[in-house]
2 protein chains.
Amino acid sequence: MEELIRFGEKFFDELEIAMYKSREAGVQIELNEVSTSALRERVVTVVRGIKDKRLGVAIVDTGDKEKVKEAVERAYKMAKLNKPDEKWVSFPEPGKYREPRKVDKELREVSPDYFVELAREGIGMASEEGIVVAGGGGGAEWGESLIMNSHGVNVFQEGGGAFFYIELVGMKEGKVTPGIFDFDAKLSLKLDVESVVKNALQKVKWAFKTEKSKTEEAKVVVEPWAVSSLLSYALFPAFSGERLVKGTTPLANKVGEKVSNDLLTIYDDPLHELSINPVIADDEGVPTRRNVIVEKGIFKGFIWDNYWAKIHGVESTGNGKRNLSTGGISIGFHNVVIENGKRSLEEIIGEIEHGYLVDGFQGAHSSNPDNGNFAVVANPAFLIENGEVKGATVFMMSGNVYELLPDLYAVSKEQKVLPFGGSMVVPAMAFENVRIAGK
Amino acid sequence: MEELIRFGEKFFDELEIAMYKSREAGVQIELNEVSTSALRERVVTVVRGIKDKRLGVAIVDTGDKEKVKEAVERAYKMAKLNKPDEKWVSFPEPGKYREPRKVDKELREVSPDYFVELAREGIGMASEEGIVVAGGGGGAEWGESLIMNSHGVNVFQEGGGAFFYIELVGMKEGKVTPGIFDFDAKLSLKLDVESVVKNALQKVKWAFKTEKSKTEEAKVVVEPWAVSSLLSYALFPAFSGERLVKGTTPLANKVGEKVSNDLLTIYDDPLHELSINPVIADDEGVPTRRNVIVEKGIFKGFIWDNYWAKIHGVESTGNGKRNLSTGGISIGFHNVVIENGKRSLEEIIGEIEHGYLVDGFQGAHSSNPDNGNFAVVANPAFLIENGEVKGATVFMMSGNVYELLPDLYAVSKEQKVLPFGGSMVVPAMAFENVRIAGK
């Protein structure tokens, strides 16, 4: 494959070739039935080359050498016609990688049939009166990637993970609950379908009883899935070095300053023990590492890919992630970890006289990362009275994430692994004096 | 390939095998540069089999016979574990197809390089002071499909189309216009880049001058792209036979009744002369035809796929469309045509003393097809005074599509071909007494 780099050097000052091969075996669940059994396979090669600071990018759905050579030539034709990017510095130099995690090769071979049975099992466990399995799915993903560039970067990685999720809706005595999700994701096939179904069933039972929420200031406990959706849109983008360069992050002059209280620690580490995205190199071949972003409430710094880091005169933090539609690289996380606390979620709820538990936020995607403003609907959400969940409710929460974070008063011991945007390891987070608008 | 049907009949009472091969060669445009040159290729095979009314669906990203046989076996394992669908009747019987359109084989071979040059040409033409080419793209798609079932359906189709679009933003003297789109789509490579750029430039120039809109009842001329987005969400879903069976269309007892005035005629016909989706069979192998849905304001009837038609005791209208993520079929259009009128858009605008021209609607996707309610923001939109476009404006329009349609007073002679959801052929539509909320 290095022959392809040699071939490309005839045209370009420098170039990068990235190959991705993926396999996904899995099933989908719809209305109590397994609706599709799928085996999807894909090979994508991306060529990025620079000639006189002019960029050319070509994508081709194959790993075939001759076809990749044609893609190199197309990238070159494109580069010649584009204008120079005067900000361009260079592709990354080789770096030192950490020891990769052991991979479970079963994930590469597993048949979708395995998940047909898993799904039937899950549907069976959820088959109680008044419960509909509205949706769900399960599967295993296997990926292989090879990132090479003309400065000597040459890194091959392989690995995979498995996931299972279910959406239940309760229908009883004319009542219909909101859709309740639960899921599991692991680096092996040892998925805990039983816990997934049990958790979802518990929440549906809570949801059958509806309670009014008030307009008030109250304690709000946010579960991992809801934490991740709110912070992914309102906070995490502000950590991007590109936004620092462009002046679109409110954290520009805040390195070393408090953004929360000391209960909050956030870092990105693909090799964290719970990570289901254990990459040793990013999509530009830069070694990944443990990047601490917030430590005990103090903002520690930004994350970078190669392009923006070099423009800003710093080092890439190994956070270059590729978009396989455009071939381009942008700054992203591999496995965001929000550090856990000491108390269990049960204890945290048990200590609340009056408050709310939030399982999901709607509308989080319209948050504004430029300033941290958000306006979301908490649904599914639950009323807590005297340390116990009383029933389902819905309320609005609008505010600013930088005003919310200092009101964090507890973080749960349990962390959930979320198979999104790489992966995330997230505990439940409890806030006090949260202004909510009841329904 | 029929051998695969014979193989599947060992397992199933009846089965269907559908193979899709696609190639897309094209480029993307970002900030005055060609950002990606892509050659994407894909093969997908979907197997749907029925055993004792139990459905099994398997998808595999290949056309390889042995792997398709494995998919047949997986579909069978899944069917055995699912519960019977007592509503199931049968897959379609063979039908008589219309004469296919001549296809332009150039579309199958064209290199992305062709579109690199086309895009550079477009960017060049748009290079005026104060104009940024924010985005765009161009490409050619080629598709081949083979639909077979155990009742003897066996239909092969091939064909393709090309498209070019551009998004301009004006920036001058501290003013930034909204993004202005224009596009062209054809069954050949003869794309009219010049007109695309010229139209977009004209609108940017209008947009530099901003005008206030009032809260009032006024004439509103809606351009094709905006017409298609509003009707695709608020009206067209109501034509689906599935919604008739499920009781979620407001047109349930309205066949033969007026839904608009006689200026409105809507039909679906993939072989219409301007169609860029000239299929002779739908994704279940049922012959397509010209289905008249609204004729001179009178609602004529619903469109159907095989499953819902047989449940309702009618014939499929050849409107089964496949989702390549799930393998499933749902009811959809191939090429919706809204019949054109007699006057040119220029004449229609020229006769308006005071009114508005709408180029795009935001928020159309939240319309409710169950009752036709919509609430959209007209943006980009333009104020018309004394028959001339005066400048850009923004306003809200909320109402009900069944109350809006009778106020149609003119349809333009020109129709635009929209490359979405198959394709659409849409004129501009002018309404009077439209209640708008100004900004």
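Screening B:Val245 against (1) assigned by TED's automatic domain parsing to the domain that holds B:Val294; (2) buried (at least 21 other Cβ atoms within 10 Å of the Cβ) leaves a single unmet condition, (2).
Listed here are the residues, each with its yes/no results for (1) touching a residue at least 60 places away in the same chain (Cβ under 8 Å); (2) under 21 Å from the mean Cα position of the chain (by Cα); (3) closer than 30 Å to A:Val57 by Cβ.
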residue	(1), (2), (3)
A:Phe115	yes, no, no
A:Trp142	yes, yes, yes
A:Ile147	yes, no, yes
A:His151	yes, no, yes
A:Asn154	yes, no, yes
A:Phe163	yes, yes, no
A:Ile166	yes, yes, no
A:Phe183	yes, yes, no
A:Ser195	no, no, no
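For every residue, the table says whether it meets (1) within 15 Å of B:Ser412 (Cβ to Cβ); (2) outside the structural domain of B:Val220 (by TED's automatic domain parsing); (3) of a type outside the set (D, E, K, R).
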{"site": "B:Lys342", "(1), (2), (3)": "yes, no, no"}
{"site": "B:Ile348", "(1), (2), (3)": "yes, no, yes"}
{"site": "B:Asn368", "(1), (2), (3)": "no, no, yes"}
{"site": "B:Lys390", "(1), (2), (3)": "no, no, no"}
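Would it be correct to say that B:Ser145 is at pLDDT below 95, among the small types (Gly, Ala, Ser) and surrounded by fewer than 22 Cβ atoms within 10 Å (Cβ to Cβ)? Here the answer is no, as B:Ser145 does not meet what is asked.
The helices (runs of 4 or more DSSP H) falling completely within region A:1-113 include none with 2 or more residues that are surrounded by fewer than 16 Cβ atoms within 10 Å (Cβ to Cβ), at pLDDT below 95 and within 13 Å of another protein chain (Cβ to nearest Cβ). Count of region B:194-229 residues, restricted to those that are out of contact with any strand residue (DSSP E or B) (no Cβ under 7 Å at 6 or more places or on another chain) and among the charged types (D, E, K, R), is 3.
Could you count how many residues in region B:142-198 are of a type in the set (S, T, N, Q) and part of a strand (DSSP E or B)?
Qualifying residue count, region B:142-198: 4.
Beta carbons closer than 8 Å, at least 6 apart along the sequence or on distinct chains, pair a first residue in region B:211-223 that is closer than 19 Å to B:Glu403 by Cα and in contact (Cβ under 8 Å) with a residue 12 or more places away in the chain with a second that is in a strand (DSSP E or B) and of a type in the set (Ser, Thr, Tyr) for B:Ala218/B:Tyr356; B:Lys219/B:Tyr356; B:Lys219/B:Tyr409; B:Val220/B:Tyr356; B:Val221/B:Tyr356. Among the residues of region B:163-184, just one is more than 19 Å from B:Met125 (Cα to Cα) and hydrophobic (A, V, I, L, M, F, W, C), namely B:Val176. Looking only at region B:346-359, which residues are surrounded by fewer than 21 Cβ atoms within 10 Å (Cβ to Cβ) and farther than 11 Å from B:Ile384 by Cα? B:Glu346, B:Glu347, listed by residue number.
Every test in (1) buried (at least 22 other Cβ atoms within 10 Å of the Cβ); (2) out of contact with any Phe, Trp or Tyr (no Cβ under 7 Å at 6 or more places or on another chain); (3) within 30 Å of B:Gly124 (Cα to Cα) is passed by B:Leu235 save one, and that test is (3).
Just give me the residues in region B:362-415 being of a type in the set (Ser, Thr, Tyr) and either in contact with a strand residue (DSSP E or B) (Cβ under 6 Å, 6 or more places away or on another chain) or under 21 Å from B:Gly350 (Cα atoms) (or both), in sequence order.
Pass one, region B:362-415, residues of a type in the set (Ser, Thr, Tyr): B:366-367, B:393, B:398, B:402, B:409, B:412.
Scanning region B:362-415 gives B:Ser367, B:Thr393, B:Ser398, B:Tyr409, B:Ser412.
Among the β-branched types (Val, Ile, Thr) and in contact with a Lys or Arg (Cβ under 6 Å, 6 or more places away or on another chain): is that true of B:Val411 in this structure? Criteria not met by B:Val411. For A:Arg120, state whether it is buried (at least 23 other Cβ atoms within 10 Å of the Cβ), of a type in the set (D, E, K, R), touching a helix residue (DSSP H, G or I) at 6+ places or on another chain (Cβ under 8 Å) and within 11 Å of another protein chain (Cβ to nearest Cβ). For A:Arg120, the condition - buried (at least 23 other Cβ atoms within 10 Å of the Cβ), of a type in the set (D, E, K, R), touching a helix residue (DSSP H, G or I) at 6+ places or on another chain (Cβ under 8 Å) and within 11 Å of another protein chain (Cβ to nearest Cβ) - is not met.
The values are calculated or read from the model by the stated rules, or taken from the named source; none is laboratory data. None of these values were measured; they are calculated from a predicted model. As a convention, Cβ positions derive from the backbone with ideal geometry for all residues, glycine included, and neighbour counts pool all protein chains shown.
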